[in-house]
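Data block below; observations after.
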Amino acid sequence: MNRLEFLEKRYTCIHIGFLVIMMIHLELNNWIGKSDDISLNKFLLAVGLAIMGVKFLVIKKGLLPKYHLYNCFKIIELLYVGILIYQDQTVLLPEVLFYLLILFEIFSTHSNLKALFFYFIPLIISSLIMLGKEFFLLTNFIDMLFLIVSNIFFIYIVNSTIHEIEKNSDKYKELLIQTQKKNEELLKIKEHMELVNKELEQQKEEMRKTSESFRNHVAELFILKETSSYIGSILEIQQLLEMVCDMIMGILGVDTCSIIVYDEKYETLDFHIKSIYSHEVIENFKTSISNSSLQKRMKDKEILINNNCREEKYSFLQGRDVGSFVAVPLYKGNKSYGLILAEHTLENYFSTSNTDLFKAVSMQVAVAIENAKLYEQMEEMAARDGLTKVYNRMYLQRIMPEMIENAKLNYEPISIGIFDIDHFKVLNDTYGHLFGDEVLKAIAHLAQKKVEAYHGIVARYGGEEFVMIFPNVPLKEAAFIVEELRQEIEQFTLTKDDITAKITASFGVSGFPEVDGQNLLRTVDDAMYMSKRQGRNRVTVACVNENNVLNLNVMQ
């Protein structure tokens, strides 16, 4: 539907409504007795409704712009309204306004003032029809002329106003178009800026990731360099672990760094902790971690990162304000050594990019721990006697002065025992050296079992001589322990390859502070030889009397 059809459809509906209102008004006047003869008026209103109805159907069919039907309907409407104007032989003002309204409708769609007089012809014709000869009366002629001139005047004013409005509207429309163009340009600039900002944000994020990756790589290289320089120094494993803790705290800025090493031999945990927390908090942490889920994590090979910690889930976090932590297992091959635990108070502190750094560090630490354990095993092997598996004389000569010196510094007692297997040469000559070796191994095992119960050590001092050291054990108590060992050896029977033999040994015991530390080994050796001179298979105790004279007392 074009603009003409749309406007005419609307105008037609308005006219129909107006005619219906007039019809109702006419009926109301008749009902209250204000008007008696309404037949002509009703007829004219019915004709008007019929004309509007036909026009509505023509508009609905889309025929109004064709065959000059628009002009025909407008002339009919004007002729009809002109008849209404003069139906009472006088000019009726409402109908004049109705006529003017139709003219406004015409000029709102065409706005051609040159055809204005053409649309007053229906008014003249209708006045001739309704007035007849009275049309030529001066008064009626003046009324007609006034009516035409006033309509022209009003239409001209309205038309001028419309033109001015349209002119201003065109200006505003042009300004609006320019504004829209500017807005579109600004919108394009905004979109371009947003795109540029987005690209800048992406570049910024990439630079941040690159920078973070670079820092991690630098930190990784630094830690690898430092740990590599320490790996060759196997004896400094404790310092190495503390150094790694310091570096992780310094580089990552964490609150606590712990390296927890599992000792398979004693089934204990060895802690190396750097933290901002108090000693009491750290001790509680050591206690709680033994019963926590981290024990299982030590055997796994996956790094655990938790950036939203809750104490109720991780018992080892109790007593500390931990928002994030990372647990890194220490392993090499299928061997697990413990784990590295780093903590921070902030949540979402650790990123997945940290895993490469921790993996590299954990591998270096695991290698260092493994090398340290291998070195300890080698030292242990070098310190042991190959036959009896107790410590050898070289280890004894190195460790005994340290143990005696520690006893002096700490004002603690220390006792030394020595024994020699009786008639060992006879056993070798009678049963052979292989059986003699079995005797040495059996007696060494009995001695080691007895001495280790008191946290002491046993060492093979010579061919069939063994030395026992009892740290923090008084001389009198040590003498009774040695006597118990003598009895166990005496009661022991060795059977090997159908050979059965009874074995005895002669013992000497000395101790500090009863004897000066420098003379312990000499006095204990003298005590043992006293046992041999007194008939063997006995214990002799070396001590100093009140006159500072050495006494050798044989235990009965």
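The values are calculated or read from the model by the stated rules, or taken from the named source; none is laboratory data. Keep in mind the model is a prediction, meaning the values are calculated, not measured. Because the Cβ atoms are built from the backbone with ideal geometry, glycine has one as well, and the counts that use them run over all protein chains shown.
Quick notes
- Condition check for I51: modelled with pLDDT of 75 or more and within 17 Å of F73 (Cα to Cα): yes
- Filter result (part of a loop (DSSP other than H, G, I, E, B), over 23 Å from I276 (Cβ atoms) and within 21 Å of the chain's Cα centre (by Cα)) within region 313-369: T352, S353
- Residue within region 384-397 that is closer than 30 Å to I273 by Cα and loosely packed, with under 14 Cβ neighbours inside 10 Å present: no
- A search for C-beta distances below 7 Å between a residue of region 344-371 that is modelled with pLDDT under 80 and any residue that is of a type in the set (D, E), counting only pairs 6+ apart in sequence or on different chains, returns S353/E212; D356/E220; L357/E220; A360/E220.
- Inter-residue pairs, beta-carbon under 8 Å, first on the phi < 0 side of the Ramachandran plot and assigned to a helix (DSSP H, G or I) and in region 205-218, second surrounded by 11 or more Cβ atoms within 10 Å (Cβ to Cβ) and not hydrophobic (A, V, I, L, M, F, W, C), 6+ apart: K209/S353; E212/S351; E212/S353; S213/S353; N216/S353; N216/N354; N216/D356
- The requirement of being out of contact with any Phe, Trp or Tyr (no Cβ under 6 Å at 6 or more places or on another chain) and over 30 Å from I251 (Cβ atoms) is fulfilled somewhere in region 198-208, by at least one residue.
- Apart from one condition, S169 fits all of (1) more than 60 Å from the chain's Cα centre (by Cα); (2) more than 30 Å from G82 (Cβ to Cβ); (3) not basic (K, R); the exception is (1).
- In region 347-363, of all residues being out of contact with any Leu (no Cβ under 6 Å at 6 or more places or on another chain) and of a type in the set (S, T, N, Q), the one that is surrounded by the most Cβ atoms within 10 Å (Cβ to Cβ) corresponds to N354.
Residues are listed down the side, and each one gets a yes or a no for (1) assigned by TED's automatic domain parsing to the domain that holds F141; (2) of a type in the set (A, V, I, L, M); (3) at pLDDT 70 or above; (4) surrounded by fewer than 18 Cβ atoms within 10 Å (Cβ to Cβ):
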residue: I16; (1), (2), (3), (4): yes, yes, yes, yes
residue: W31; (1), (2), (3), (4): yes, no, yes, yes
residue: I38; (1), (2), (3), (4): yes, yes, no, yes
residue: L69; (1), (2), (3), (4): yes, yes, yes, yes
residue: L93; (1), (2), (3), (4): yes, yes, no, yes
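- Some residue of region 249-260 being in a helix (DSSP H, G or I), closer than 21 Å to I369 by Cβ and at pLDDT 80 or above: yes
- Selection count where residues are of a type outside the set (D, E), assigned to a helix (DSSP H, G or I) and either free of Cβ contacts under 8 Å to residues at least 40 places away in the same chain or touching a Cys at 6+ places or on another chain (Cβ under 9 Å) (or both), scope region 386-405: 4
- The set of residues in region 252-285 being of a type in the set (V, I, T), farther than 18 Å from Y331 by Cβ and either in contact (Cβ under 8 Å) with a residue 60 or more places away in the chain or not assigned by TED's automatic domain parsing to the domain that holds E343 (or both) consists of V254, T256.
- Pairs with Cβ under 6 Å, 6+ apart, first in region 110-137 and in a loop (DSSP other than H, G, I, E, B) and at pLDDT 70 or above, second hydrophobic (A, V, I, L, M, F, W, C) and crowded, with 17+ Cβ neighbours inside 10 Å: none
- Among the criteria (1) among the aromatic types (F, W, Y); (2) without any contact (Cβ under 8 Å) to a residue 24 or more places away in the chain; (3) not assigned by TED's automatic domain parsing to the domain that holds V81, the one F222 does not fulfil is (2).
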